[in-house]
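Right, one structure below, let's go through it.
What follows draws every value from the coordinates through simple rules; no lab data is involved. Predicted model, so just to flag it, every value in this text is computed and none were measured. In this analysis, Cβ positions are derived from the backbone assuming ideal geometry, glycine residues included, and neighbour counts consider all displayed protein chains.
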Amino acid sequence: MKMTFRWYGDDDPVTLEKIRQIPGMTGIVSALYDVPVGEVWPVEKIRAFKAKIEAAGLEFEVIESVPVHEDIKLGKPSRDRLIENYGQTLRNLADCGLKVVCYNFMPVLDWFRTDLAEQMADGSNTLTFHMEDLEKIDLDKGYSLPGWDASYKPEELKGLIAEYATVGEDGLRANLEYFLKGVIPVAAEAGIKMAIHPDDPARPILGLPRIVKNREDLLSLLAMVDAPENGLTLCTGSLGSEARNDIPALVAEFAGKGRIHFAHLRNVKVTERGDFAETGHLSKDGSLDMAAIVRAFFEAGFEGYIRPDHGRMIWGETGKPGYGLYDRALGATYINGLWEGIANVKAA
Ligand code: CS2
Ligand code: MN
């Protein structure tokens, strides 16, 4: 495996110089955030961005994410042109030496939390999700969506949610299939591996359909185009937000088939009601057995990219919720330690 770190570009308070000093760090995962969704990523921009990362002593082989335009998810007539653009972006990325593209097919909102900085007993703060707070959101009466308020005007959001109500899960699945049939052949020809990120949390929210939430969903989408380029980003915290998902078993199954290209490792503490908090990465801090997860990757001979996913805010750090330096660096170090320990036990 290759240990990587998500970086948000020049505006990220966590600099490349700092990331490089994390033990065992080999590369950056990022995106061109200034290209509007749906437009082709220009080769010169990708090349310049990659050169900057490489000048800091890090590799740049994974994109997170090339966003999928809402019209593609909604199956609108404009999708053919947008899928064409998406394919061209993949070709341009391949020309610049990129290997893996992470994306998601979550309608309207990507990840969703009810609190971005809930205070924990140890003085840290973290992203959490409480069903009670979700139920309080009344789209007719004004609302606030943590992290998303600035992105959508109230009417816009209501309108989009209504559009998806008519699409439903089956429609969204058909639209994903249409997208995959358009882009996977292009990815295969260019030498790019596509890696869909699961829904976060792994259940429908605000009446929006979600189709990447469990083993059945993963099997179904991989079968839509049965090619190695049609692969997964295995995000333990997203799939792990549903206690029914057996993460080590999913890793063994899908990494075993060579369909996991990228992994997000983090722990979550899940309650029976479906509430959860993002915890430190250690197994004992949350509901997931991180050692069993890393062992499953190791045993599958996983050679893809791993990154520590969201971290808590610790040691007084402020910044982008989930994406501070310290707790993610601890996460990377912990995962590297597990990997080395497992490798040593196997070698003995
Ligand atoms: C999230 C997502 O779990 C995560 O990593 O931060 O925003 C994720 O990056 C996207 O859904 C991937 O497309
Ligand atoms: Mn993730």
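Observations on the model:
- Extension reserve of the Val345-Asp226 stretch, reckoned as 0.36 nm per residue once the Cα distance is removed: 39.3 nm
- Global form of region 63-106, assessed from the alpha-carbon gyration tensor, a/c cut-off 1.5: oblate
- Rg(Cα)/(2.2 N^0.38 Å) for region 137-179, N = residue count: 1.40
- Three-way shape label, region 1-112, alpha-carbon gyration tensor, a/c 1.5: prolate
- Taking every alpha-carbon pair under 8 Å whose residues sit at least 6 apart, region 15-96 reaches a relative contact order of 39 percent.
- Relative contact order for the chain, counting Cα pairs under 8 Å that sit 6 or more residues apart, in percent: 17
- Coordinate range along principal axes, alpha carbons of region 226-309, Å, largest first: 37, 22, 18
- Residues Arg295, Arg312 in ascending order of nearby Cβ atoms (within 10 Å, fewest first): Arg295, Arg312.
- 5 angstrom amide H check on Asn104, placed H, neighbours 5+ away: Val68, His197
- Mean shadow area of the chain over all directions, Cα convex hull, nm²: 16.9
- Ascending count of other beta-carbon atoms within 10 Å, so fewest first, for Thr26, Thr128: Thr26, Thr128
- Rounded Å value of the spacing that divides the Cα centres of region 278-332 and region 15-47: 20
- The Cα atoms of region 51-155 give a gyration tensor whose axes a ≥ b ≥ c have a/c of 1.5 or more with a/b no greater than b/c, which makes the shape oblate.
- Residues with amide H under 5 Å from that of Ile28, placed H, sequence gap 5 or more: Phe5, Glu59, Phe60, Glu61
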